[in-house]
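Down below is the structure, laid out as structure tokens.
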Amino acid sequence: MIKGNFPIEKIKNIETPFYYYDIEVLNKTLDLVKSETDKYGYEAHYAMKANSNPKIVRLIAQKGLGADCVSGGEVKAAIDAGFPASKIVFAGVGKADWEINLALDYDIFCFNVESIPELEILNELAAAKNKTARIELRINPNVDAHTHHYITTGLNENKFGFNISTLDTVIALLKTLKNVELIGIHFHVGSQITDFSVFENLCIRVNELQNVFEQKGVELKNINVGGGLGINYEHPNHIPVVDFESYFRIFNKNLQLRPGQKVHFEPGRSIVAACGSLITKVIYVKKGEEKQFAIVDAGMTDLLRPALYQAYHRIENITSDKPAQEYDIVGPICESSDVFAKDTELNETQRGDLLAIRSAGAYGEAMASQYNLRKLPGAVLSTEL
């Protein structure tokens, strides 16, 4: 079996489970994103929710990207990591007053606003500080992302953003609000999108909406098309970096921009997923009547995606070269859903072997919990070894 390149001798004595981040892969990804966005004059804001490890986000900030935040905590973490406030966007359907006030104090680039009540409160809080809040309206384009329903966000039925049918009311309201400034429109149709036609459809809808705003005399300086670009979970060794070249080319080809408009993106998973692996140790091999279980010391508390989304991650036994056998790979949590994979091939496995759960750099460490009063997983960068 083809496996990733792990420094076994350097990591074999580290307490498991822990996240291992391959910084060479991260840098290759970031360099490609930066070169492609610079080619078209685009702006990329890293989606902090994908991975907020301070060392990782500091490296991303150093490459010149902005930050996409969905909480006050993320806004502060982005500032602490070195992202300039002028490149921070703040999204989220339920921004609390203290979070809005924090972002106003930092004078971030803009708020991605998702409802009329939020608009009104944002105007009120900005007025109290004698400030003007720059905003983009998050609009549901009703474009199907063709992905898991838990991570589809751009349909009319979702909790996020404004439906197109409400735009007349929203535009009329904006004219009465003195402490907010509309600088653009924002979209995010879903996550883990691998069908590029979804992005083509998004461009078509953006073009239509541009015409609607123009007809109403509203000038838009910014178009934010969100994130959602998926990765290849099946082949992390062959395809460690996403095809950003084709991705950005779609928007350059299909968006009908007005003079001076800036296009913004919010990539998260596509930047950090491939560089991260969850390293876990086999505690027991339990042989049943019809199958055998590799019971590991990592669980759904360390990597929630398989239990939450039935998500696939390639798993490799990085300390065995024996012939492959089939295993169910399960964790120690007292939940039947604490399963990483069923009927999957591993090199023959025994107690003490190390398994690498691949492509776990996004929504892995960031979603870890202490359910069952477990310790949070550690994290090690390849450059630290």
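The values are calculated or read from the model by the stated rules, or taken from the named source; none is laboratory data. Note that this is a predicted model, so its numbers are computed, not measured. Ideal geometry is used to build each Cβ from the backbone, glycine not excepted, and the neighbour counts take in all protein chains shown.
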Unique residue being over 30 Å from Thr29 (Cα atoms) and in contact with a Gly (Cβ under 7 Å, 6 or more places away or on another chain) when the list is Val282, Val330: Val282
Ala324 in contact with a helix residue (DSSP H, G or I) (Cβ under 8 Å, 6 or more places away or on another chain) and in contact (Cβ under 8 Å) with a residue 60 or more places away in the chain: no
Test result for Asp321, touching a strand residue (DSSP E or B) at 6+ places or on another chain (Cβ under 9 Å), in the same structural domain as Ala360 (by TED's automatic domain parsing) and assigned to a loop (DSSP other than H, G, I, E, B): yes
Selection within the range 301-335 - among the small types (Gly, Ala, Ser) and modelled with pLDDT under 95: none
Residue check for Ala368: farther than 19 Å from Tyr21 by Cβ and either in contact with a Leu (Cβ under 7 Å, 6 or more places away or on another chain) or at pLDDT below 95 (or both): no
Asp68 being under 18 Å from the mean Cα position of the chain (by Cα) and acidic (Asp, Glu): yes
Positions within the range 192-247 being in contact with a Ser or Thr (Cβ under 8 Å, 6 or more places away or on another chain) and assigned to a strand (DSSP E or B), in sequence order: Ile193, Leu229
Count of residues meeting criterion [β-branched (Val, Ile, Thr), closer than 23 Å to Cys275 by Cβ and over 27 Å from the mean Cα position of the chain (by Cα)] in the range 324-358: 0
Subset of the range 100-126 (residues that are under 16 Å from Ile185 (Cα atoms) and in contact with a helix residue (DSSP H, G or I) (Cβ under 7 Å, 6 or more places away or on another chain)): Phe109, Phe111, Val113, Ile116, Leu119
Selection within the range 350-385 - surrounded by fewer than 22 Cβ atoms within 10 Å (Cβ to Cβ), of a type in the set (S, T, N, Q) and in a loop (DSSP other than H, G, I, E, B): Gln350, Ser369, Gln370
Selection from the range 193-218 of residues that are of a type in the set (Asp, Glu) and either more than 20 Å from Gly230 (Cβ to Cβ) or loosely packed, with under 14 Cβ neighbours inside 10 Å (or both): Asp195, Glu208, Glu214
Single condition Glu266 does not satisfy, out of (1) assigned by TED's automatic domain parsing to the domain that holds Glu43; (2) farther than 30 Å from Ile88 by Cα; (3) not hydrophobic (A, V, I, L, M, F, W, C): (2)
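Residues Lys63, Lys3: which one is in contact with a helix residue (DSSP H, G or I) (Cβ under 6 Å, 6 or more places away or on another chain), within 22 Å of Pro236 (Cβ to Cβ) and basic (Lys, Arg)? If you could, list the steps in order and put the result at the bottom.
Values: Lys3 fails: in contact with a helix residue (DSSP H, G or I) (Cβ under 6 Å, 6 or more places away or on another chain).
Every option except Lys63 fails the conditions.
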Subset tally (residues that are of a type in the set (A, V, I, L, M, F, W, C) and either modelled with pLDDT under 95 or under 22 Å from Ile279 (Cα atoms) (or both)) for the range 19-38: 3
All positions within the range 256-284 that are under 16 Å from Phe187 (Cα atoms) and buried (at least 20 other Cβ atoms within 10 Å of the Cβ): Val263, His264, Phe265, Glu266, Pro267, Gly268
Matching residues, the range 4-32, being charged (D, E, K, R), exposed (fewer than 15 other Cβ atoms within 10 Å of the Cβ) and in a loop (DSSP other than H, G, I, E, B): Glu15
Strands (runs of 3 or more DSSP E) contained entirely in the range 257-313, each with at least 1 residues that are within 17 Å of the chain's Cα centre (by Cα): 262-265, 276-287
The lone exception for Ile239 - which of (1) under 23 Å from Asp31 (Cα atoms); (2) among the β-branched types (Val, Ile, Thr); (3) in contact (Cβ under 8 Å) with a residue 40 or more places away in the chain; (4) surrounded by fewer than 20 Cβ atoms within 10 Å (Cβ to Cβ) it fails: (3)
Single condition Thr319 does not satisfy, out of (1) of a type in the set (Ser, Thr, Tyr); (2) more than 24 Å from Glu24 (Cβ to Cβ); (3) surrounded by fewer than 21 Cβ atoms within 10 Å (Cβ to Cβ): (2)
